[in-house]
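A short worksheet on the structure shown next.
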């Protein structure tokens, strides 16, 4: 945690004693209205005739997709879109045969300007060259192509800047990608290493719909016990999956070990962006010291920890829930926040960033 650089932005509202079910969309809608209804109305009015561009910067598994999903839930998919640079590159790579024969390929070629030739950049993309890395200039040309094809809406970009060499470009991203003359800003996420590790180690995925859940921190409505191992497993909530068993992803049991270098790189990028001037920032923190939790947040906004035991009388699995506590990166006993209160923090900061 970086102390005062990521301030605690509480969500508690005086006189509001209602407990909301943040896993239920209807209850979640009432929660956002109760917590930041005035700001939501102000932002919605802005979005009727204006757009913005925000750059999500956070460590891997910091929740960028979840936060953007909640923002589109609040403001509408017709108003805000998450654009993942990594997903874009993978789609182009996987469909290169068709892409290379399309008009989009020719447009990409006309947009590219860089220190290596376009053909060399393509070789780097396709892995045909081990001597060249995919240059930032090629990535920016791809981003520019993608954005030019989008309908008018606000965009949250995940994946820029990625790495120290791209930070200097980030000061002029809006100009480089030929975006409309709209407000642009960074969205920086501070998340303790312990949270990322637990999210990975206990993650399970539905083999049919690929929905991700967590046996410790984000369970489904149905839990079963394996008759042989006596261990417990989650059952997918999607009715079309017909009670399929959710399974761990290979390698997840190692936690953060395989991605330590990536996390360190992300941390260095965040630190450098914090030192930049001229581009507004929205600062989001995933965790809160235990000593500050009750003062600033309601209990249902904190991430719970789940355990299971078999009730031999009913023959059903009993879920045991308690507040999850852990040591953050500064060895401070902390709670993790669920996604909705983090989004409330975003909404509280956005009007000032937009000059409303």
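If packing is taken as the average count of other Cβ atoms within 10 Å, what order do 248-256, 74-82 fall into, highest mean first?
The most tightly packed comes first, giving 74-82, 248-256.
Of 246, 310, how do they rank once you tally other Cβ atoms within 10 Å and put the fewest first?
On the way: 246 24, 310 14.
Ranked by crowding around the Cβ, least crowded first: 310, 246.
Take 300, 112, 172 and order them by how many other Cβ atoms sit within 10 Å, fewest up front.
172, 300, 112
What are the principal axis extents of the Cα atoms in region 182-283, in Å, biggest first?
Its Cα atoms span 58, 33, 18 Å along the three principal axes.
Can you sort 26, 12 so the residue with the fewest Cβ neighbours within 10 Å comes first? Don't jump to the answer; show the numbers that get you there.
Details: 26 9, 12 13.
So the ranking, lowest neighbour count to highest, is 26, 12.
Below 8 Å, C-alpha to C-alpha, sequence gap of six or more: please give me the relative contact order for the chain in percent.
RCO, the chain: 24 percent.
Report the extension gain between residue 5 and residue 26 in nm, rounded to one decimal, defined as 0.36 nm multiplied by the number of residues separating them, less their alpha carbon distance.
Fully extending the segment from residue 5 to residue 26 adds 4.2 nm.
Would you please classify the overall shape of region 187-241 from the alpha carbon gyration tensor, given that a ≥ b ≥ c denote the square roots of the eigenvalues, rounded means a/c under 1.5, and beyond that prolate means a/b larger than b/c while oblate covers the rest? Present the calculation step by step, with values, prior to reporting the outcome.
Working: a/c = 2.97, a/b = 1.59, b/c = 1.87.
Oblate, since a/c reaches 1.5 and b/c is not below a/b.
Using 7 Å Cα-to-Cβ label points, what is the residue 261/residue 216 separation (nm, one decimal)?
It is 2.6 nm.
Would you calculate, for the chain, the mean residue ellipticity at 222 nm contributed by helices, counting each DSSP H stretch of 4 or more residues as -39,500 (n - 2.57) and dividing by all residues, to the nearest 500? Walk me through the numbers on the way to the answer.
Details: 13 runs with 135 residues, N = 356.
The helix contribution divided over the chain gives -11500 deg cm²/dmol.
A short reminder: the numbers here are calculations on the coordinates, not readings from a lab. Treat the numbers as computed from the prediction; the structure is a model and nothing was measured. Backbone-built Cβ (ideal geometry, glycine too); neighbour counts: all protein chains shown.
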